[in-house]
């Protein structure tokens, strides 16, 4: 019998700790498909964040390093600079990348560190139980914005791809989503491009993936995907914000 | 082979020694009084086939060290007191991940922004609480530019041997001064690091560098195992210089730059007929308890001299189990004690016999 | 024997360099030496000083508080250090820059118009080395051979053409 669908080899056959309906699993899978297709598992080092994906080191088959909160791009810089022929990626959430790790994110981007950053934006701190994130939408209720995020009090969300797209060191800044099959296909293409950029020594590539957190949003998985489409995509439009290989089509 | 003695600043000597010890990743951030170290690395590291990178912060710098060390590369960062505080997070993670590295602290006066003159007020930080959690780092205390060179090499080797961070606890005086120095040959061999996360190449299962253990019993076990290693470190790595202590009736305990001043005072005391000696810890963690006890065998009193309000003095008392009177003379804020002040104190204590 | 030396002046007068020449001189004579600069947020034109120790014994504190020998190249430095000189010590004062005369009679003071001498001999900016020449003549703490090697060691390779000029400046100081 022909096998038409199977687990990527570099995604280990272990149960994950992610909640039902969470889209981390899809994103892990896409990364591993790309790693398999490029045949680079043995040459890849992944860097995990602190947050929901803190234990991703148990799921990826490549060598893995667990970084302090927000410091994954600095850790990745240390690995990549001393191992320029290896592939290095970070996997970070919104609190990790856009709050506590803002300096590491911006400076690794502007240095043009030749790494891949997978940025999972689900507008909340999932691991600690759903507090306001730097990307929490105006009006969004979280544990620490019980009356909804009020920009007058808590300020505005950070649009990471837009911000980083102004930096010369950035090769690719693209926002994708994993709420539908076409979007998932697009997401994989972006991740593939990011790894190819690294292979071709083009510099810093970030793929922002709009993701869901049914548990902390208080929604069913299906409702969560609906919210992603209805609330998140209008605030965080999908698309390529910077692509050094394709400068004309930048937003 | 006779090696040429050249004059070199302590900070630059530390950098050259690190390159010769096989350091291939240096990540730093400017701060007085250690900046010459970074500048030297910027000039020389690339030529040695290594990486120099000025990080966006001390925090980023130590995490770059973490990444390089996790991939099996000998890596180093350097700073001075306020900057070392910022590295505390990364050092704790490295200790918890069993990663070797070398951290240089060219101490200046504190707390806060403090001053920029020499100080030894980070002793507690280095030996007791270099970050959150149960852990230790190796702490070396050089007292000359030559010893800075020798200890950098030793620190890399020992850090690798026990898979733990090592610190060179220097101060602004040692970092800024020039002294004659000779360098060892460039180290060709380094230990294998089969645990490193540098790409498994399809030849082994994946390596994970991590300090997270969510099950209390598992975390406890990992800490216990680390502390068993620390017991071996204590037994094998503690080091001190004993000077004129065999018949000493008063033993001065001092480390780093302060020990140089103390040695002059001890010589003056001897010239004045007082049987004084010096015990100079070369490792601060592990603290050379046995060496201190032996040095104080015939002593009636101990005088601890530091450029702080009294930090190592705790370890001196603990090592002696408070069996002898331990006096303290301290200068802080960047003030270096004078030999005459120490001599006076020796005479005062000696006179009380 | 131990010589503890303070060299002091404005930043830019070559105070630290002159100290380095002395320290290297001691080293070339195979003695123990140390060199310690004052450091701080000082700009060019601010005060600069350094401590140099040359000894037959290992050096204790490299920080000189009471020098045997003082080189002072401006008035603030002269005022700061002249009373710190040990009784029996010697002070070498650039009289182009300092027009005061020392009232102490327990030390030997030498007044040399070092900056002026350097200028007259086309050695602009080498008053520091002229003073070193005078110090060497009056103290003999470094052998002639050693000081020549010390200059060669101290001048960076990129400025090797200045070695001759430095040696000439020493000679002028020695003859003054």
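Most exposed first by the Cβ proxy, i.e. fewest other Cβ within 10 Å, how do B:135, C:92, B:183 rank?
Working: B:135 21, C:92 26, B:183 18.
Least crowded to most crowded, the residues run B:183, B:135, C:92.
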Helix B:339-351 versus the longest principal axis of chain B: what is the Cα-based angle in degrees, 0 to 90, to the nearest 10? 60
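So for region C:34-176, averaging the separation of alpha carbon pairs under 8 Å that are six or more residues apart and normalising by length, what relative contact order in percent results? Display every interim value, and only then the final one.
Numbers: 202 pairs, mean separation 22.6, N = 143.
Reported relative contact order: 16 percent.
With all distinct Cα pairs included, what does the Kirkwood hydrodynamic radius of region B:11-109 come out to in Å, to one decimal, could you say? Provide the component values of the computation, followed by the final result.
On the way: mean 1/r = 0.0773 Å⁻¹.
Evaluated over region B:11-109, this radius sits at 12.9 Å.
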At a 10 angstrom cut-off on C-beta neighbours, averaged per residue, how do the peptides A:189-195, A:75-81 rank from highest to lowest? A:75-81, A:189-195
Here FRET efficiency (C-beta to C-beta, residue B:217 to residue B:124, R₀ 22 Å, nearest 0.05) is 0.10
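Using a ≥ b ≥ c from the Cα gyration tensor of region C:48-176 (square roots of the eigenvalues), is it rounded, prolate or oblate, where a/c under 1.5 gives rounded and otherwise the larger of a/b and b/c decides, a/b for prolate?
Numbers: a/c = 1.83, a/b = 1.22, b/c = 1.50.
The shape class here is oblate.
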What distance in nm lies between label points placed 7 Å from Cα along the C-beta direction at residue B:249 and residue B:294? 2.4
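So in region B:212-353, what percent of DSSP beta bridges are antiparallel if you round to the nearest 5? Don't jump to the answer; show the numbers that get you there.
On the way: 4 of 17 bridges.
Counting only bridges with both partners in region B:212-353, antiparallel ones make up about 25 percent.
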Other chains near B:46-58: what is the mean number of their Cβ atoms within 10 Å of each residue's Cβ? 3
Using alpha carbons only, how many degrees (0 to 90, rounded to 10) separate the axis of helix B:256-271 from the longest principal axis of chain B? 20
In degrees, nearest 10, the alpha-carbon axis of helix B:145-162 is tilted away from the dominant principal axis of the alpha carbons of chain B by 50
For residues of C:22-34, the mean tally of beta carbons on other chains within 10 Å: 3
Per the 1/(1 + (r/R0)^6) rule, R0 = 51 Å and r from the Cβ atoms of residue A:19 and residue B:321, FRET efficiency to 0.05 is 0.40
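How high is the FRET efficiency between residue A:150 and residue A:220 when r is their beta carbon distance and R₀ equals 30 Å, given to the nearest 0.05?
Values: r = 27 Å, r/R0 = 0.90.
According to the calculation, E is roughly 0.65.
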Counting other beta carbons within 10 Å of each residue's own, what order do B:246, B:314 fall into, fewest first? B:246, B:314
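Which value at 222 nm does chain A reach when only helices count, each DSSP H run of 4 or more adding -39,500 (n - 2.57), with the total divided by all residues and rounded to the nearest 500 deg cm²/dmol? Write down the numbers at each step before the final one.
Details: 8 runs with 74 residues, N = 251.
Mean residue ellipticity at 222 nm (helix-derived): -8500 deg cm²/dmol.
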Just from its helices, what would the mean residue ellipticity at 222 nm be for chain B, if runs of 4 or more DSSP H residues each count -39500 (n - 2.57) and the sum is divided by every residue, rounded to the nearest 500 deg cm²/dmol? -12500 deg cm²/dmol
A student applying the Cα gyration tensor rule (rounded when a/c is under 1.5; otherwise prolate if a/b is larger than b/c, oblate if not) would label region A:1-153 oblate
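What percent do you get for the relative contact order of region A:36-125 when only Cα pairs under 8 Å and 6+ apart count? It would help to have the intermediate numbers written out before the result.
Values: 167 pairs, mean separation 27.0, N = 90.
For region A:36-125, the relative contact order is 30 percent.
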Rank these for me by crowding, C:28, C:174, B:64, B:41, going from fewest to most other beta carbons within 10 Å. C:174, C:28, B:41, B:64
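Where a number appears in this text, it was derived from the coordinates with a stated rule and is not lab data. These figures come from a predicted structure and were not determined experimentally. Note that we place each Cβ from the backbone using ideal geometry, even for glycine, and neighbour counts take in every protein chain shown.
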